[in-house]
Amino acid sequence: MPLSLLEQRRIAHITGQDHEISPGEQPHHTTSDLLDNLQDNRDYRSGFNHDRGDPSGDDRSLIGKLGVSYKAPGQHWLLYCLLTDTAWSLVNGQSPLILDLDELENRVGSFDSTSPELSTAEANHLPQWMTLYSYIKGVTQRTRSEGLEKLREDIRHLPSLGQATSSESYASEGLHGCYERLNFLKAAWKLSTLVKDKNLQQAVQRGWDEAQRVVKDRRRVLPTKRSLCEAMKGGETGQALLECVGGGIEDWAEMVEKDYAEAWAGVVRVKLV
């Protein structure tokens, strides 16, 4: 299965357009099928890397100078994505991509959130996804009851998404974390409606409201074309950037300003229900 399929499904989940398996997307029978011969098939030449993303083409020299490491997807990362996608499918009554649900849980349980393959945002949400996933596939009433209480507590104690700093900092800081948070909370809300648990719904709503406050704060300090140009005039970062874009610094700054604004506007468009 190409990695793009998981990405398409994740986008569909968070935009409220759940991606059911089509006739051409037959479910795999084992988790191992998806982990064998894992390759990074993303095309980095299709866009310019602004700051902390993966390098593309000539951007590799810039990324190297900024001290940012490049990490290709690994098995732990793919297992995390499979876990979130499978939990989404189950809570929405859809067919998951895999059929060996216990094996997936065991494989994810073989590593923890300190895996270097996971981003900070993914690592912060892995335990909560595990709780939600375990509850959905719980067998006995006792395990389901205990799992529901743990899920409530997990949501009440979600890691902070951080505070807005300034336009001089990386404007993408917190963006991935916000998307991961909203994606998880949407799944948890769906579960709360299925089990009719008002306490869980209230916990999810509080988490959602807090995430929206963070998004609002971040959007207030997004960099402008002018601030980006000023920031790039000096220092090692500015020098490295100038070597790559040359006299096109203003065009670059205008493009980045627009892209950051669109990225954060996308978070605002995500709805809980």
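Could you pull out the residue among 129, 77, 88 that is surrounded by fewer than 20 Cβ atoms within 10 Å (Cβ to Cβ) and under 23 Å from residue 12 (Cα atoms)?
On the way: 129 fails: surrounded by fewer than 20 Cβ atoms within 10 Å (Cβ to Cβ); 88 fails: surrounded by fewer than 20 Cβ atoms within 10 Å (Cβ to Cβ).
Result: 77 is the single residue among 129, 77, 88 that is surrounded by fewer than 20 Cβ atoms within 10 Å (Cβ to Cβ) and under 23 Å from residue 12 (Cα atoms).
Any residue in segment 29-37 that is crowded, with 18+ Cβ neighbours inside 10 Å, modelled with pLDDT of 85 or more and within 30 Å of residue 131 (Cβ to Cβ)?
no
As an exercise: evaluate residue 118 against (1) surrounded by 15 or more Cβ atoms within 10 Å (Cβ to Cβ); (2) over 21 Å from the mean Cα position of the chain (by Cα) and give the number of the one condition it does not meet.
Every condition holds for residue 118 apart from (2).
Among the residues of segment 98-111, is any within 17 Å of the chain's Cα centre (by Cα) and among the aromatic types (Phe, Trp, Tyr)?
Among the residues of segment 98-111, not one is within 17 Å of the chain's Cα centre (by Cα) and among the aromatic types (Phe, Trp, Tyr), which makes the answer no.
Between residues in segment 100-117 that are assigned to a helix (DSSP H, G or I) and residues that are surrounded by 15 or more Cβ atoms within 10 Å (Cβ to Cβ) and hydrophobic (A, V, I, L, M, F, W, C), which pairs lie under 7 Å by C-beta distance while being six or more apart or on different chains?
Correct list of pairs: 104/82; 104/83; 104/98; 107/79; 108/79; 108/83; 108/130.
The values are calculated or read from the model by the stated rules, or taken from the named source; none is laboratory data. Source: prediction; values computed, not measured. Heads up, the Cβs are rebuilt from the backbone with ideal geometry, glycines too, and the neighbour counts pull from every protein chain shown.
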